[in-house]
Amino acid sequence: MELQKLKCFVAVADKLSFTRAAEELYFSVPTVTHHIKSLEEQMGVQLLFRDKHSVRLTPAGETFYPVARDILSKLDAVTRQISQERDFELLRIGCTSHAEMVMLTSVFTRFRLRYPNILPDIQIANFDQILDLFEDGQLNLAFVTDNMLLRRQEGYQFHRFCRKGGFAVLPSEHPLAARDSISFSELEKQVIIRMGNAYVPFNTGNPLTRLVQLHELSNRDIYCDDDRMMMSLAKAGYGIAVLPGYCIPEYAPLIGLTTVPIQESQQLIYGVVSHKGRLRESWRYFLHLAEEKLLRDPTSTRLDPADTPPAP
């Protein structure tokens, strides 16, 4: 039973209002409603009566309410006790590539000097899994692009750092490696090594997405769910890796790989998502260091004023 479902149920039961519960949890009302319905389906009973004018507990809800509160209370107490015993806290971060974890090494080298008692806990998974973990409260921060948040953005705060486009990664001795940029048409006869849509989300507005899909219809392209494997296969000459800049590790040049921008690629806004209203000072410092690091990355492009949303 997911923790977030219990939190939503207890908040609604306390407030007897989906709107006030959503405000307390920094969620949207549809998100709270979804969690409550999912919990009721999982338990096989209705927990809340709701209509346009009121919300109240059903008999099953009245029975379950003290149990749910007790679970959350005990979990909170155990979490505080463990935190005190180990004398450190975790900063839980989600990524969709190992390249991002490599990038974070130098960030945490500086972060540790100011916050030695905060230990990073990094989860790597596909973007849907990362957002599920984030939504369930198991991650504090997650590295994402703007198109990853199209379907789920209520209750989130997106910290925009830079733009990331699509790149071809190929051996340094390859004839195309000396180019400042290449057109996808120059890759037509090449084997493309790409990540699945679970890791690089499908984006209908990106011309490169369509070109890669058309390419695979007449070529035996290679799919990988691990950016490290893509680097190995590209270096070994199995094909040319095509992937977004945030999936390209810093060590690529050290193993003889060259990164070349693809002209048709749409640049996506890249940054970190946090829960609204839950940004600690230490997390702000981490975001500052991460943005500095990313802006020095050759696969990054600085944002322009049009990329920053107007203040509410």
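In region 160-275, which strands (runs of 3 or more DSSP E) lie fully inside it and hold 3 or more residues that are within 24 Å of R302 (Cβ to Cβ)? Reasoning before the result, please.
Numbers: elements: 166-171, 192-195, 222-224, 240-244, 257-261, 268-275.
Ranges flagged: 166-171, 240-244, 257-261, 268-275.
Among the residues of region 87-122, which ones are among the charged types (D, E, K, R), part of a strand (DSSP E or B) and either touching a helix residue (DSSP H, G or I) at 6+ places or on another chain (Cβ under 9 Å) or not assigned by TED's automatic domain parsing to the domain that holds E292 (or both)? Steps first, please.
Step one: list which residues in region 87-122 are among the charged types (D, E, K, R), which gives 87, 89, 92, 100, 110, 112, 114, 121.
Checking which are part of a strand (DSSP E or B) leaves us with 89, 92, 121.
Passing the criteria: E89, R92.
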Could you list, ordered by first residue, the pairs with Cβ atoms under 9 Å in which the first is in region 264-291 and over 28 Å from T209 (Cα atoms) and at pLDDT 95 or above and the second is assigned to a helix (DSSP H, G or I) and hydroxyl-bearing (S, T, Y), at least 6 apart or interchain?
L289/S106
All-but-one check, R194 against (1) within 15 Å of the chain's Cα centre (by Cα); (2) surrounded by 15 or more Cβ atoms within 10 Å (Cβ to Cβ); (3) among the charged types (D, E, K, R), failing number (1)
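Restricting region 11-60 to residues that are among the aromatic types (F, W, Y) and at pLDDT 85 or above, which is farthest from the chain's Cα centre (by Cα)?
As a first pass, look at region 11-60 and keep what is among the aromatic types (F, W, Y): 18, 26-27, 49.
Next, from what is left, pick out any that are at pLDDT 85 or above: 18, 49.
On the way: F18: 27, F49: 35 Å.
Ranking the candidates gives F49 first.
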For region 292-312, which positions are in a helix (DSSP H, G or I), modelled with pLDDT of 90 or more and surrounded by fewer than 18 Cβ atoms within 10 Å (Cβ to Cβ)?
E292, L295
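Identify, from the list L295, L257, the residue that is under 28 Å from L170 (Cα atoms), in the same structural domain as T96 (by TED's automatic domain parsing) and not β-branched (V, I, T). Write out each step before concluding.
Details: L257 fails: in the same structural domain as T96 (by TED's automatic domain parsing).
Answer to the check: L295.
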Regarding region 90-111, can at least one residue be identified that is in contact with a strand residue (DSSP E or B) (Cβ under 7 Å, 6 or more places away or on another chain) and surrounded by fewer than 16 Cβ atoms within 10 Å (Cβ to Cβ)?
yes
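The values are calculated or read from the model by the stated rules, or taken from the named source; none is laboratory data. Computed from a prediction, not measured in an experiment: that's the story for all the values here. Positions of Cβ are backbone-derived with ideal geometry, glycine not excepted, and every protein chain shown enters the neighbour counts.
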